[in-house]
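The values are calculated or read from the model by the stated rules, or taken from the named source; none is laboratory data. Everything numeric here is computed off the predicted structure, so don't read it as measured data. Here the Cβ positions follow ideal geometry from the backbone for every residue, glycine too, while neighbour counts run over all protein chains shown. To get the accessible areas, we keep the full protein, side chains included, count just its heavy atoms, and leave off ligands, DNA and RNA. Shrake-Rupley method; radii C 1.70, N 1.55, O 1.52, S 1.80 Å.
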Amino acid sequence: MTGTRILMPVFILMGSAAEVTKLKLNNGREMPAIALGTYLGFDQNGIVQSENKKLRDVVLHAIDVGYRHFDTAAIYGTEEEIGEAVRMKIEEGVVKREDIFITTKLWNTEHRREQVVKALEKTVEKMRLDYIDLYLMHWPMALNEDYTHSDVDYMETWQGLEDVQKQGLAKSIGLSNFNEKQIKRVIKEGSVMPAALQIEVHPQIIQRELVQYAQSEGLVVMAYSPFGSLVSRHGMQFSGPKIDDPVLSAIGEKYGKTTPQVVLRWLVDRNIVPVPKTVNYSRLKENIDIFDFKLNKEEIEEINKFNTHTRYTFPSFWQEHRHYPFEKIDNPIADPFIAKN
Ligand code: NDP
């Protein structure tokens, strides 16, 4: 099974900034070329939740400045507020449902085929949006309710995703955190071609081979944690290029852009959909203002040189799972999900 990937210009109003492009999915639908991330992080109490509808207000503002694509997941706890903001903007007449693209993800404890439809029904009910644009399998590993490893194979889960697409609950289906071998198996054994792959991509993990492979099969690649070491994330600092990095700053100066904008554009120029998260109104505007310039090949290669294949998301506590997708490490960390329960 193969598909096509075409970069299409489209028309989204966003004040003074340039139009956001769209990527064509292999089933003919279109995805806006940037998505707002809505994972609010993890602390000693578990996944951080939005308070006083803060995230809803961020999404309202995001729609005003031109975002049309929102990335969430059942496990983030943000589906409800995103749905509320989108419905408010539809009621205001600012957008129509079909202008908005919602990506969400199935959590690991719902991998049995019959659980998938129920899980997505729950999401759709929470969002009150009738359907989801893209439903991703968050991870290839299935877990039991108590977070012990489950034997459910991701091909069974994929059948569940095919079911939700057939029922129209999700317009497109795809994968997240799958490695090449696992994607190959889904393509070979599944009856629906995945439309998208969401993985970690930033200057320190450029994912050249995996991106090339997925794009050659017609999957649209989405990049999570797109800023890499440039920013502190959920209170953590990482080694690697920072916001004042001289190479990135020089490129930014040439185009009158900030280094976060340069990094997002580096992804767009590789036909990858960045998923930057911010809850800050001026950064919302900054991050989407990347559609009026383009990097040349040398600049893309210059940024590629930061690659050290460093991941910030590697749940080593699951590394003994038979479907763990990443490299194993010597000292895996304790499972925060189990520690919490
Ligand atoms: P990001 O690379 O988006 O970094 C987010 C951090 O950058 C926040 O601290 C934010 O702070 C800050 N920031 C945002 N814009 C700017 C800017 N212009 N200048 C300076 N700082 C900035 O990483 P995430 O790890 O949050 O990933 C993004 C999204 O990807 C998630 O929200 C989620 O939707 C998705 N994701 C998916 C995963 C998966 O397994 N499929 C795993 C991890 C993430 P502030 O909010 O204060 O602006």
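Every test in (1) surrounded by fewer than 21 Cβ atoms within 10 Å (Cβ to Cβ); (2) within 19 Å of E301 (Cα to Cα); (3) within 11 Å of the ligand (Cβ to nearest atom); (4) touching a residue at least 60 places away in the same chain (Cβ under 8 Å) is passed by G235 save one, and that test is (2).
Output the residues belonging to the stretch 240-255 that are in contact (Cβ under 8 Å) with a residue 12 or more places away in the chain and away from the ligand (no atom under 11 Å from the Cβ). Let's see the steps before the verdict.
Kept after step one, since they are in contact (Cβ under 8 Å) with a residue 12 or more places away in the chain, are these residues of the stretch 240-255: 240-245, 247-248, 251, 255.
Matches in the stretch 240-255: G240, P241, D244, D245, V247, L248, I251, Y255.
Just to be sure before I move on: is I199 surrounded by 21 or more Cβ atoms within 10 Å (Cβ to Cβ) and more than 8 Å from the ligand (Cβ to nearest atom) in the structure I sent? Criteria not met by I199. Selection over the stretch 49-91 of residues that are more than 19 Å from the chain's Cα centre (by Cα) and within 22 Å of T21 (Cβ to Cβ) gives a count of 4. Which residue is farthest from I132 (Cα to Cα), if the candidates are limited to the stretch 46-58 and must be within 12 Å of the ligand (Cβ to nearest atom) and modelled with pLDDT of 95 or more? The extreme case among them is K54.
I need the full set of residues from the stretch 279-314 which are out of contact with any helix residue (DSSP H, G or I) (no Cβ under 9 Å at 6 or more places or on another chain) and open to solvent by less than 70 Å² (accessible area, probe 1.4 Å), in order please. Hits for the stretch 279-314 are N296, R311, T313. There is no residue in the stretch 132-147 that is away from the ligand (no atom under 16 Å from the Cβ) and of a type in the set (A, V, I, L, M, F, W, C). Residues in the stretch 108-122 that are open to solvent by less than 10 Å² (accessible area, probe 1.4 Å) and in contact with a Phe, Trp or Tyr (Cβ under 8 Å, 6 or more places away or on another chain): 3 in all. Of everything listed in (1) surrounded by 18 or more Cβ atoms within 10 Å (Cβ to Cβ); (2) assigned to a helix (DSSP H, G or I); (3) more than 10 Å from the ligand (Cβ to nearest atom), the single unmet condition for V221 is (2).
Pairs are defined by a Cβ separation below 6 Å, a sequence spacing of at least 6 or placement on different chains, a first member in the stretch 22-45 that is under 11 Å from D71 (Cβ atoms) and away from the ligand (no atom under 13 Å from the Cβ), and a second member that is open to solvent by 60 Å² or more (accessible area, probe 1.4 Å) and assigned to a loop (DSSP other than H, G, I, E, B); no pair meets this definition. Of all the criteria given as (1) touching a helix residue (DSSP H, G or I) at 6+ places or on another chain (Cβ under 7 Å); (2) aromatic (F, W, Y); (3) under 29 Å from G28 (Cβ atoms); (4) near the ligand (Cβ under 10 Å from one of its atoms), the one not satisfied by Y213 is (4). Of the residues making up the stretch 65-82, one or more are of a type outside the set (A, V, I, L, M), more than 22 Å from A170 (Cα to Cα) and either within 13 Å of the ligand (Cβ to nearest atom) or touching a residue at least 40 places away in the same chain (Cβ under 8 Å) (or both).
Residues in the stretch 261-304 that are of a type in the set (D, E, K, R), assigned to a loop (DSSP other than H, G, I, E, B) and either in contact (Cβ under 8 Å) with a residue 40 or more places away in the chain or within 16 Å of the ligand (Cβ to nearest atom) (or both): R270, D289, D292.
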